[in-house]
Amino acid sequence: MKNIKKVTSIILSVLLVVSLTVVPAFAQSTTSEITRTTVTVNGDASTTRGFTWYTKTETKNRIQIAATDGSELDVKISSSECEEFEGSYMHKMVATNLLPGKTYTYRVGDGTNWSEEGTFTTDNGDDKVNFIAIADVQAGSLDRFKMGANTLMAAYEIMPDADFYTNLGDFTDDSDNKEWDLYAQAFDDINRNNTLVPVAGNHDGFGVWHWFDNMFALDKSESVQNLNGVNYSYDYGNAHFTVLNTNDMGAISQAQLEWAENDLNSTDKDWKIVFMHKSPYSLGKDAKWPDALSLQDKLATVFDNCNVDVVFSGHDHMYLRTKTIYGNEYNEDGTTYILAGTAGKKRYEFRQFLADAYMPTDLIEVAVSQEDGYYFNGRDFSSCSTKNIGGCFSCISIDGDTLTLNAYILSDDMYKGGEKSVKNIDTMTITKELGENEATYEGENTTSVWDYIKDLGASISNLVSYTLVTWLPTFIKIIPAMIYSYIAYHVF
(Lines give C-alpha, C1' and ligand atoms only; values in the text may rest on other atoms or scores of the structure.)
Protein backbone atom coordinates (compact mmCIF):
# COMPACT_ATOMS: atom_id res chain seq x y z
CA MET A 1 0.00 0.00 0.00
CA LYS A 2 1.41 3.34 -0.97
CA ASN A 3 0.32 5.12 2.18
CA ILE A 4 -0.01 8.84 2.62
CA LYS A 5 3.20 9.07 4.55
CA LYS A 6 5.17 7.45 1.73
CA VAL A 7 3.56 9.55 -0.99
CA THR A 8 4.28 12.72 0.98
CA SER A 9 7.86 11.62 1.46
CA ILE A 10 8.30 11.07 -2.28
CA ILE A 11 6.81 14.45 -3.10
CA LEU A 12 9.13 16.15 -0.63
CA SER A 13 12.19 14.16 -1.71
CA VAL A 14 15.02 16.22 -3.06
CA LEU A 15 18.18 15.45 -4.92
CA LEU A 16 21.08 16.42 -2.75
CA VAL A 17 24.61 17.27 -3.78
CA VAL A 18 26.69 14.31 -2.66
CA SER A 19 30.26 14.84 -1.55
CA LEU A 20 32.27 12.22 -3.42
CA THR A 21 35.93 11.43 -3.02
CA VAL A 22 38.24 8.92 -4.67
CA VAL A 23 39.74 7.59 -1.43
CA PRO A 24 37.97 5.79 1.41
CA ALA A 25 39.09 8.25 4.10
CA PHE A 26 37.00 11.37 4.73
CA ALA A 27 38.04 14.54 6.50
CA GLN A 28 36.09 16.38 9.25
CA SER A 29 35.00 15.21 12.67
CA THR A 30 32.73 12.38 13.84
CA THR A 31 30.05 12.68 16.48
CA SER A 32 28.53 10.20 18.88
CA GLU A 33 25.14 11.88 18.43
CA ILE A 34 24.58 9.83 15.26
CA THR A 35 23.20 6.42 16.23
CA ARG A 36 21.27 3.43 14.82
CA THR A 37 23.08 3.57 11.47
CA THR A 38 22.05 0.78 9.10
CA VAL A 39 22.58 -0.05 5.42
CA THR A 40 19.77 -2.09 3.89
CA VAL A 41 18.75 -3.57 0.56
CA ASN A 42 16.37 -1.24 -1.20
CA GLY A 43 15.26 -2.47 -4.62
CA ASP A 44 18.05 -3.25 -7.08
CA ALA A 45 20.88 -4.75 -5.01
CA SER A 46 23.45 -4.02 -7.73
CA THR A 47 22.81 -0.26 -7.85
CA THR A 48 20.88 0.82 -4.75
CA ARG A 49 21.18 0.93 -0.94
CA GLY A 50 19.06 2.45 1.82
CA PHE A 51 20.51 4.27 4.82
CA THR A 52 18.92 5.09 8.17
CA TRP A 53 20.29 6.86 11.22
CA TYR A 54 19.01 8.77 14.22
CA THR A 55 20.03 11.93 16.05
CA LYS A 56 18.88 13.49 19.32
CA THR A 57 18.29 16.87 17.69
CA GLU A 58 16.86 17.97 14.34
CA THR A 59 19.65 18.16 11.75
CA LYS A 60 20.16 18.10 7.98
CA ASN A 61 20.42 14.87 5.97
CA ARG A 62 23.77 14.41 4.26
CA ILE A 63 25.80 11.47 3.05
CA GLN A 64 29.28 11.07 1.57
CA ILE A 65 30.05 8.05 -0.59
CA ALA A 66 33.32 6.96 -2.21
CA ALA A 67 34.32 3.89 -4.23
CA THR A 68 37.30 2.19 -2.63
CA ASP A 69 38.93 1.58 -6.04
CA GLY A 70 38.77 5.27 -6.95
CA SER A 71 36.04 4.88 -9.60
CA GLU A 72 34.28 8.06 -10.67
CA LEU A 73 30.74 8.14 -9.34
CA ASP A 74 27.44 9.55 -10.51
CA VAL A 75 25.43 8.54 -7.46
CA LYS A 76 21.96 9.97 -7.03
CA ILE A 77 20.57 10.52 -3.56
CA SER A 78 16.93 10.86 -2.52
CA SER A 79 16.04 11.86 1.00
CA SER A 80 12.98 12.16 3.16
CA GLU A 81 12.80 15.06 5.59
CA CYS A 82 14.36 14.68 9.03
CA GLU A 83 11.40 13.51 11.10
CA GLU A 84 10.77 13.27 14.84
CA PHE A 85 9.83 9.80 16.07
CA GLU A 86 9.40 8.83 19.71
CA GLY A 87 11.60 11.68 20.96
CA SER A 88 14.47 11.20 18.49
CA TYR A 89 15.00 12.33 14.90
CA MET A 90 14.90 9.84 12.05
CA HIS A 91 16.95 10.25 8.87
CA LYS A 92 16.52 8.16 5.74
CA MET A 93 18.36 8.34 2.43
CA VAL A 94 18.49 6.12 -0.65
CA ALA A 95 21.53 5.99 -2.95
CA THR A 96 20.92 4.90 -6.54
CA ASN A 97 23.04 4.68 -9.68
CA LEU A 98 25.78 2.84 -7.80
CA LEU A 99 28.00 0.54 -9.85
CA PRO A 100 27.55 -3.25 -9.65
CA GLY A 101 30.19 -5.27 -7.84
CA LYS A 102 31.83 -2.27 -6.18
CA THR A 103 32.80 -1.72 -2.57
CA TYR A 104 31.99 1.72 -1.19
CA THR A 105 32.79 3.63 1.94
CA TYR A 106 30.29 6.12 3.26
CA ARG A 107 29.33 8.21 6.23
CA VAL A 108 26.16 10.04 7.20
CA GLY A 109 25.58 13.27 9.06
CA ASP A 110 24.60 16.91 8.68
CA GLY A 111 27.46 18.17 6.50
CA THR A 112 29.68 19.13 9.43
CA ASN A 113 29.31 16.35 11.96
CA TRP A 114 29.58 12.82 10.64
CA SER A 115 29.19 9.23 11.70
CA GLU A 116 32.08 6.84 11.64
CA GLU A 117 32.80 5.39 8.22
CA GLY A 118 31.00 2.33 7.01
CA THR A 119 31.28 0.07 3.97
CA PHE A 120 29.00 -1.92 1.68
CA THR A 121 29.40 -3.88 -1.54
CA THR A 122 26.86 -4.05 -4.37
CA ASP A 123 25.79 -7.21 -6.17
CA ASN A 124 28.06 -8.05 -9.10
CA GLY A 125 25.34 -10.01 -10.89
CA ASP A 126 27.07 -13.40 -11.09
CA ASP A 127 25.50 -16.65 -9.93
CA LYS A 128 27.26 -16.77 -6.55
CA VAL A 129 25.56 -15.48 -3.41
CA ASN A 130 26.73 -15.81 0.19
CA PHE A 131 24.57 -14.74 3.11
CA ILE A 132 24.14 -15.19 6.86
CA ALA A 133 20.87 -15.78 8.71
CA ILE A 134 20.17 -15.05 12.38
CA ALA A 135 16.95 -14.54 14.32
CA ASP A 136 15.41 -13.53 17.63
CA VAL A 137 18.07 -11.57 19.47
CA GLN A 138 15.06 -10.25 21.44
CA ALA A 139 17.12 -8.69 24.22
CA GLY A 140 16.43 -6.03 26.81
CA SER A 141 19.88 -5.51 28.32
CA LEU A 142 23.27 -4.64 26.85
CA ASP A 143 24.89 -7.93 27.84
CA ARG A 144 22.13 -9.88 26.07
CA PHE A 145 22.44 -7.71 22.94
CA LYS A 146 26.21 -8.29 22.98
CA MET A 147 25.60 -12.04 23.05
CA GLY A 148 23.55 -11.66 19.87
CA ALA A 149 26.25 -9.50 18.29
CA ASN A 150 28.91 -12.06 19.24
CA THR A 151 26.88 -14.74 17.48
CA LEU A 152 26.74 -12.65 14.32
CA MET A 153 30.45 -11.82 14.52
CA ALA A 154 31.20 -15.55 14.75
CA ALA A 155 29.21 -15.99 11.55
CA TYR A 156 31.30 -13.35 9.77
CA GLU A 157 34.47 -15.09 10.93
CA ILE A 158 33.30 -18.18 9.07
CA MET A 159 31.85 -16.27 6.11
CA PRO A 160 33.76 -12.96 5.86
CA ASP A 161 32.68 -12.50 2.24
CA ALA A 162 28.93 -12.62 2.98
CA ASP A 163 27.01 -10.38 0.58
CA PHE A 164 24.41 -9.56 3.24
CA TYR A 165 22.90 -10.87 6.42
CA THR A 166 19.26 -11.26 7.34
CA ASN A 167 17.83 -10.82 10.82
CA LEU A 168 14.59 -12.80 10.78
CA GLY A 169 12.82 -10.64 13.33
CA ASP A 170 12.47 -9.74 17.02
CA PHE A 171 15.40 -7.35 17.08
CA THR A 172 14.46 -6.24 20.60
CA ASP A 173 12.07 -7.40 23.31
CA ASP A 174 9.88 -4.32 23.87
CA SER A 175 10.82 -2.18 20.84
CA ASP A 176 11.36 1.09 22.70
CA ASN A 177 14.05 3.77 22.58
CA LYS A 178 16.13 2.21 25.33
CA GLU A 179 16.31 -1.19 23.68
CA TRP A 180 16.89 0.08 20.15
CA ASP A 181 19.75 2.23 21.49
CA LEU A 182 21.26 -0.83 23.20
CA TYR A 183 20.78 -2.85 20.01
CA ALA A 184 22.55 -0.13 18.03
CA GLN A 185 25.39 0.02 20.54
CA ALA A 186 26.01 -3.73 20.35
CA PHE A 187 25.53 -4.12 16.58
CA ASP A 188 26.91 -0.73 15.43
CA ASP A 189 30.10 -1.93 13.74
CA ILE A 190 28.37 -4.85 12.01
CA ASN A 191 25.43 -2.77 10.78
CA ARG A 192 27.61 0.06 9.45
CA ASN A 193 29.78 -2.31 7.46
CA ASN A 194 27.35 -4.88 6.09
CA THR A 195 24.12 -4.85 4.12
CA LEU A 196 21.17 -5.88 6.28
CA VAL A 197 17.96 -7.58 5.15
CA PRO A 198 15.57 -6.99 8.07
CA VAL A 199 12.42 -9.02 8.71
CA ALA A 200 9.62 -7.81 10.97
CA GLY A 201 9.07 -9.95 14.07
CA ASN A 202 6.07 -9.85 16.37
CA HIS A 203 8.12 -7.98 18.99
CA ASP A 204 8.89 -5.42 16.27
CA GLY A 205 5.28 -5.02 15.17
CA PHE A 206 2.45 -5.96 17.52
CA GLY A 207 1.42 -2.93 19.57
CA VAL A 208 4.54 -0.97 18.61
CA TRP A 209 3.26 0.58 15.40
CA HIS A 210 5.71 2.10 12.89
CA TRP A 211 8.87 1.08 14.77
CA PHE A 212 10.06 -1.46 12.19
CA ASP A 213 9.31 0.79 9.23
CA ASN A 214 11.07 3.73 10.87
CA MET A 215 14.20 1.80 11.79
CA PHE A 216 15.11 0.75 8.24
CA ALA A 217 15.15 2.37 4.79
CA LEU A 218 13.34 -0.27 2.73
CA ASP A 219 11.60 -0.28 -0.63
CA LYS A 220 7.96 -0.02 0.45
CA SER A 221 6.53 0.53 -3.02
CA GLU A 222 4.79 -2.88 -2.95
CA SER A 223 4.21 -3.31 0.77
CA VAL A 224 0.54 -4.01 1.46
CA GLN A 225 0.72 -1.99 4.71
CA ASN A 226 3.53 -0.59 6.86
CA LEU A 227 1.94 -0.27 10.29
CA ASN A 228 3.48 -3.39 11.84
CA GLY A 229 6.11 -4.40 9.29
CA VAL A 230 7.12 -4.26 5.63
CA ASN A 231 6.93 -6.86 2.88
CA TYR A 232 9.36 -6.43 -0.02
CA SER A 233 11.58 -8.38 -2.41
CA TYR A 234 14.86 -8.12 -4.27
CA ASP A 235 17.20 -10.11 -6.53
CA TYR A 236 20.77 -11.03 -5.67
CA GLY A 237 22.83 -13.03 -8.12
CA ASN A 238 20.68 -15.80 -9.59
CA ALA A 239 18.30 -15.80 -6.60
CA HIS A 240 15.05 -13.99 -5.85
CA PHE A 241 14.36 -13.16 -2.20
CA THR A 242 10.83 -12.51 -0.93
CA VAL A 243 10.49 -10.93 2.53
CA LEU A 244 7.13 -11.31 4.26
CA ASN A 245 5.50 -9.57 7.22
CA THR A 246 3.86 -12.21 9.43
CA ASN A 247 2.38 -9.57 11.74
CA ASP A 248 -0.16 -8.79 9.03
CA MET A 249 -3.62 -9.81 10.33
CA GLY A 250 -2.05 -12.04 12.98
CA ALA A 251 -0.02 -14.02 10.47
CA ILE A 252 -0.65 -13.00 6.89
CA SER A 253 -3.50 -11.17 5.18
CA GLN A 254 -5.25 -12.17 2.00
CA ALA A 255 -3.73 -9.12 0.33
CA GLN A 256 -0.22 -10.20 1.25
CA LEU A 257 -0.90 -13.78 0.17
CA GLU A 258 -1.83 -12.46 -3.26
CA TRP A 259 1.21 -10.17 -3.28
CA ALA A 260 3.53 -13.05 -2.37
CA GLU A 261 2.16 -15.28 -5.13
CA ASN A 262 2.46 -12.50 -7.70
CA ASP A 263 5.97 -11.63 -6.53
CA LEU A 264 7.21 -15.22 -6.65
CA ASN A 265 5.67 -15.66 -10.10
CA SER A 266 7.24 -12.46 -11.41
CA THR A 267 10.80 -13.81 -11.47
CA ASP A 268 12.73 -16.26 -13.63
CA LYS A 269 15.66 -16.40 -11.22
CA ASP A 270 16.89 -19.94 -10.58
CA TRP A 271 16.46 -19.83 -6.82
CA LYS A 272 13.41 -18.64 -4.89
CA ILE A 273 14.02 -17.98 -1.19
CA VAL A 274 11.61 -16.59 1.40
CA PHE A 275 12.40 -14.78 4.66
CA MET A 276 9.69 -14.37 7.31
CA HIS A 277 9.42 -14.36 11.09
CA LYS A 278 6.75 -16.84 12.16
CA SER A 279 7.48 -20.42 11.21
CA PRO A 280 4.89 -22.84 9.79
CA TYR A 281 6.83 -25.81 11.20
CA SER A 282 8.26 -25.94 14.71
CA LEU A 283 8.48 -27.78 18.03
CA GLY A 284 8.77 -24.58 20.06
CA LYS A 285 6.65 -22.68 22.57
CA ASP A 286 4.62 -20.82 19.95
CA ALA A 287 4.10 -23.81 17.68
CA LYS A 288 0.83 -24.72 19.39
CA TRP A 289 -1.07 -21.54 18.49
CA PRO A 290 -3.14 -21.00 15.34
CA ASP A 291 -1.48 -17.82 14.03
CA ALA A 292 1.84 -19.37 12.97
CA LEU A 293 0.31 -22.78 12.30
CA SER A 294 -2.20 -21.25 9.88
CA LEU A 295 0.76 -20.53 7.60
CA GLN A 296 0.89 -24.27 6.89
CA ASP A 297 -2.48 -23.84 5.20
CA LYS A 298 -2.68 -20.91 2.79
CA LEU A 299 0.94 -19.70 2.60
CA ALA A 300 2.60 -23.09 2.20
CA THR A 301 0.24 -23.68 -0.72
CA VAL A 302 1.58 -20.51 -2.36
CA PHE A 303 5.13 -21.80 -1.87
CA ASP A 304 4.16 -25.13 -3.40
CA ASN A 305 2.61 -23.48 -6.44
CA CYS A 306 5.53 -21.07 -6.94
CA ASN A 307 8.40 -23.58 -6.65
CA VAL A 308 9.99 -21.97 -3.58
CA ASP A 309 13.25 -23.69 -2.68
CA VAL A 310 13.91 -22.62 0.93
CA VAL A 311 11.96 -20.70 3.59
CA PHE A 312 13.86 -19.16 6.53
CA SER A 313 11.94 -18.26 9.70
CA GLY A 314 12.47 -17.36 13.34
CA HIS A 315 10.01 -16.91 16.22
CA ASP A 316 10.42 -20.22 18.08
CA HIS A 317 14.00 -19.89 19.37
CA MET A 318 15.38 -23.28 18.34
CA TYR A 319 16.97 -24.69 15.20
CA LEU A 320 14.91 -26.97 12.97
CA ARG A 321 15.21 -28.09 9.36
CA THR A 322 12.44 -29.99 7.63
CA LYS A 323 12.68 -32.44 4.83
CA THR A 324 11.37 -31.16 1.50
CA ILE A 325 7.64 -30.58 1.88
CA TYR A 326 4.86 -30.28 -0.67
CA GLY A 327 1.21 -30.29 0.39
CA ASN A 328 2.31 -30.73 4.02
CA GLU A 329 3.84 -34.09 3.10
CA TYR A 330 7.34 -35.21 2.20
CA ASN A 331 8.10 -34.73 -1.47
CA GLU A 332 11.59 -34.60 -2.94
CA ASP A 333 10.52 -31.69 -5.15
CA GLY A 334 9.10 -29.67 -2.28
CA THR A 335 10.27 -26.76 -0.12
CA THR A 336 12.76 -26.92 2.75
CA TYR A 337 11.81 -24.94 5.87
CA ILE A 338 14.54 -23.65 8.16
CA LEU A 339 13.76 -22.44 11.68
CA ALA A 340 16.95 -20.46 12.19
CA GLY A 341 17.30 -20.64 15.97
CA THR A 342 18.04 -17.70 18.22
CA ALA A 343 21.20 -15.63 18.11
CA GLY A 344 20.38 -14.44 21.62
CA LYS A 345 19.89 -15.85 25.11
CA LYS A 346 16.11 -16.49 25.21
CA ARG A 347 15.68 -20.11 24.12
CA TYR A 348 12.91 -22.71 24.06
CA GLU A 349 12.88 -26.40 24.91
CA PHE A 350 11.27 -28.94 22.61
CA ARG A 351 7.54 -29.29 23.14
CA GLN A 352 7.47 -33.01 22.55
CA PHE A 353 3.68 -33.07 22.84
CA LEU A 354 3.64 -31.27 19.48
CA ALA A 355 5.47 -34.12 17.75
CA ASP A 356 3.08 -35.91 15.39
CA ALA A 357 0.37 -33.40 16.24
CA TYR A 358 1.04 -30.09 14.48
CA MET A 359 4.62 -31.10 13.59
CA PRO A 360 4.89 -34.59 12.09
CA THR A 361 8.26 -35.97 13.16
CA ASP A 362 8.71 -37.73 9.84
CA LEU A 363 8.98 -34.26 8.25
CA ILE A 364 11.90 -33.23 10.50
CA GLU A 365 15.42 -33.72 9.16
CA VAL A 366 17.20 -32.25 12.18
CA ALA A 367 16.25 -30.16 15.22
CA VAL A 368 18.37 -28.69 18.02
CA SER A 369 17.13 -27.17 21.27
CA GLN A 370 19.48 -24.39 22.34
CA GLU A 371 17.96 -24.35 25.82
CA ASP A 372 18.76 -27.85 27.04
CA GLY A 373 21.03 -29.12 24.28
CA TYR A 374 18.74 -31.83 22.91
CA TYR A 375 19.27 -32.90 19.33
CA PHE A 376 16.59 -34.64 17.26
CA ASN A 377 18.28 -36.93 14.75
CA GLY A 378 15.19 -37.89 12.77
CA ARG A 379 14.36 -40.79 15.10
CA ASP A 380 14.42 -39.64 18.72
CA PHE A 381 15.14 -36.72 21.04
CA SER A 382 17.73 -38.49 23.18
CA SER A 383 20.96 -36.95 21.93
CA CYS A 384 22.12 -34.10 24.18
CA SER A 385 25.24 -31.93 24.42
CA THR A 386 26.18 -28.76 26.29
CA LYS A 387 27.83 -27.64 23.04
CA ASN A 388 24.30 -27.27 21.62
CA ILE A 389 23.55 -24.54 24.18
CA GLY A 390 24.43 -21.14 22.73
CA GLY A 391 23.71 -18.64 19.96
CA CYS A 392 22.71 -20.02 16.57
CA PHE A 393 23.57 -18.77 13.07
CA SER A 394 23.54 -20.14 9.53
CA CYS A 395 25.89 -19.51 6.60
CA ILE A 396 24.35 -20.10 3.17
CA SER A 397 26.14 -20.20 -0.19
CA ILE A 398 24.62 -20.35 -3.65
CA ASP A 399 26.99 -21.30 -6.45
CA GLY A 400 25.15 -21.76 -9.73
CA ASP A 401 23.03 -24.89 -9.37
CA THR A 402 24.01 -25.67 -5.76
CA LEU A 403 22.85 -24.22 -2.45
CA THR A 404 24.77 -25.17 0.68
CA LEU A 405 23.73 -24.39 4.25
CA ASN A 406 25.82 -24.82 7.36
CA ALA A 407 24.27 -24.06 10.74
CA TYR A 408 26.38 -23.44 13.84
CA ILE A 409 26.09 -22.77 17.55
CA LEU A 410 28.44 -20.44 19.39
CA SER A 411 28.67 -22.22 22.75
CA ASP A 412 27.83 -20.40 25.97
CA ASP A 413 31.08 -21.79 27.40
CA MET A 414 32.83 -18.54 26.44
CA TYR A 415 30.61 -16.65 28.90
CA LYS A 416 31.57 -19.04 31.72
CA GLY A 417 35.31 -18.69 31.51
CA GLY A 418 35.79 -21.30 28.81
CA GLU A 419 37.26 -21.00 25.34
CA LYS A 420 35.29 -19.72 22.37
CA SER A 421 33.76 -22.73 20.63
CA VAL A 422 31.69 -22.96 17.44
CA LYS A 423 29.94 -26.23 16.61
CA ASN A 424 28.53 -27.21 13.21
CA ILE A 425 25.06 -28.62 14.00
CA ASP A 426 23.69 -29.09 10.48
CA THR A 427 24.77 -29.24 6.85
CA MET A 428 22.45 -29.28 3.85
CA THR A 429 23.08 -29.23 0.11
CA ILE A 430 20.47 -28.73 -2.61
CA THR A 431 21.27 -29.16 -6.30
CA LYS A 432 18.76 -28.23 -8.97
CA GLU A 433 18.36 -27.80 -12.70
CA LEU A 434 18.87 -24.20 -13.81
CA GLY A 435 16.72 -22.26 -16.25
CA GLU A 436 13.45 -23.93 -15.27
CA ASN A 437 11.72 -20.97 -13.59
CA GLU A 438 9.60 -18.78 -15.83
CA ALA A 439 8.12 -15.39 -15.01
CA THR A 440 4.35 -15.74 -15.40
CA TYR A 441 3.20 -12.52 -13.72
CA GLU A 442 3.67 -9.05 -15.12
CA GLY A 443 2.31 -5.79 -13.85
CA GLU A 444 2.34 -3.51 -10.86
CA ASN A 445 2.15 -5.70 -7.77
CA THR A 446 0.65 -3.14 -5.40
CA THR A 447 -2.36 -3.06 -3.09
CA SER A 448 -4.61 -0.04 -2.74
CA VAL A 449 -6.19 0.93 0.56
CA TRP A 450 -9.56 -0.14 -0.79
CA ASP A 451 -8.24 -3.52 -1.95
CA TYR A 452 -6.72 -4.19 1.46
CA ILE A 453 -9.96 -3.29 3.24
CA LYS A 454 -11.99 -5.32 0.75
CA ASP A 455 -9.85 -8.37 1.51
CA LEU A 456 -10.16 -8.06 5.29
CA GLY A 457 -13.15 -10.42 5.29
CA ALA A 458 -11.14 -13.10 3.51
CA SER A 459 -8.16 -12.49 5.82
CA ILE A 460 -10.26 -12.99 8.94
CA SER A 461 -12.12 -15.93 7.42
CA ASN A 462 -8.86 -17.71 6.56
CA LEU A 463 -7.61 -17.54 10.14
CA VAL A 464 -10.94 -18.29 11.82
CA SER A 465 -11.77 -21.24 9.60
CA TYR A 466 -8.32 -22.73 10.10
CA THR A 467 -8.59 -22.23 13.87
CA LEU A 468 -11.99 -23.87 14.22
CA VAL A 469 -11.73 -26.62 11.64
CA THR A 470 -8.07 -27.68 11.71
CA TRP A 471 -6.34 -26.30 14.80
CA LEU A 472 -8.93 -26.68 17.58
CA PRO A 473 -9.68 -30.45 17.29
CA THR A 474 -5.96 -31.25 17.47
CA PHE A 475 -5.41 -28.81 20.34
CA ILE A 476 -8.14 -30.48 22.40
CA LYS A 477 -6.50 -33.89 21.87
CA ILE A 478 -3.08 -32.74 23.14
CA ILE A 479 -4.33 -30.91 26.25
CA PRO A 480 -3.61 -33.91 28.56
CA ALA A 481 -0.05 -34.16 27.22
CA MET A 482 0.43 -30.43 27.66
CA ILE A 483 -0.74 -30.64 31.29
CA TYR A 484 1.63 -33.53 31.97
CA SER A 485 4.52 -31.65 30.34
CA TYR A 486 3.87 -28.67 32.55
CA ILE A 487 3.65 -30.73 35.75
CA ALA A 488 6.62 -32.97 34.98
CA TYR A 489 8.97 -30.60 33.18
CA HIS A 490 7.53 -27.11 33.75
CA VAL A 491 7.37 -26.80 29.96
CA PHE A 492 4.15 -25.58 28.41
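Figure legend. Inter-residue proximity from segment 65-80: first residues within 13 Å of residue 50 (Cβ to Cβ), second residues of a type in the set (S, T, N, Q), beta-carbon distance below 6 Å, spacing 6+ or different chains. Indicated pairs: 78/13; 79/61; 80/9. Quickly run through segment 131-180 and pick out the residues that are touching a Lys or Arg at 6+ places or on another chain (Cβ under 7 Å) and basic (Lys, Arg). Across segment 131-180, the qualifying residue is only 144.
Residues checked against (1) outside any helix (DSSP H, G or I); (2) modelled with pLDDT of 95 or more; (3) hydrophobic (A, V, I, L, M, F, W, C); (4) within 30 Å of residue 251 (Cα to Cα):
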site: 129; (1), (2), (3), (4): yes, yes, yes, yes
site: 146; (1), (2), (3), (4): no, yes, no, yes
site: 149; (1), (2), (3), (4): no, yes, yes, yes
site: 165; (1), (2), (3), (4): yes, yes, no, yes
site: 181; (1), (2), (3), (4): no, yes, no, yes
site: 196; (1), (2), (3), (4): yes, yes, yes, yes
site: 212; (1), (2), (3), (4): no, yes, yes, yes
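On the stretch given as segment 116-148, residues that are surrounded by fewer than 24 Cβ atoms within 10 Å (Cβ to Cβ) and of a type in the set (Gly, Ala, Ser) total 4. Applying the set (1) buried (at least 22 other Cβ atoms within 10 Å of the Cβ); (2) farther than 14 Å from residue 39 by Cα to residue 166 leaves exactly one unmet item: (2). Only one entry in 136, 123, 143, 127 is touching a His at 6+ places or on another chain (Cβ under 9 Å) and of a type outside the set (Lys, Arg), namely 136.
The condition of being within 24 Å of residue 467 (Cβ to Cβ), within 17 Å of the chain's Cα centre (by Cα) and not acidic (Asp, Glu) holds for only one of 194, 247, that being 247.
For segment 301-342, the set of residues classified as surrounded by fewer than 22 Cβ atoms within 10 Å (Cβ to Cβ) and either among the basic types (Lys, Arg) or under 25 Å from residue 171 (Cα atoms) (or both) consists of 323, 336, listed by residue number. The residues on offer are 287, 251, 255, and the sole one that is within 25 Å of residue 455 (Cα to Cα), assigned by TED's automatic domain parsing to the domain that holds residue 203 and touching a Lys or Arg at 6+ places or on another chain (Cβ under 7 Å) is 251. In segment 376-492, counting only strands (runs of 3 or more DSSP E) that sit wholly within it, none holds 3 or more residues that are farther than 22 Å from residue 322 by Cα, within 25 Å of the chain's Cα centre (by Cα) and touching a residue at least 12 places away in the same chain (Cβ under 8 Å). Going by what's in this entry, would residue 348 be described as over 23 Å from the mean Cα position of the chain (by Cα) and aromatic (Phe, Trp, Tyr)? Taking the combined requirement at face value, the residue does not satisfy it.
The values are calculated or read from the model by the stated rules, or taken from the named source; none is laboratory data. Please read all numbers here as calculations on a predicted model, not as lab measurements. Every residue, glycine among them, receives a Cβ derived from its backbone with ideal geometry; neighbour counts consider all protein chains shown.
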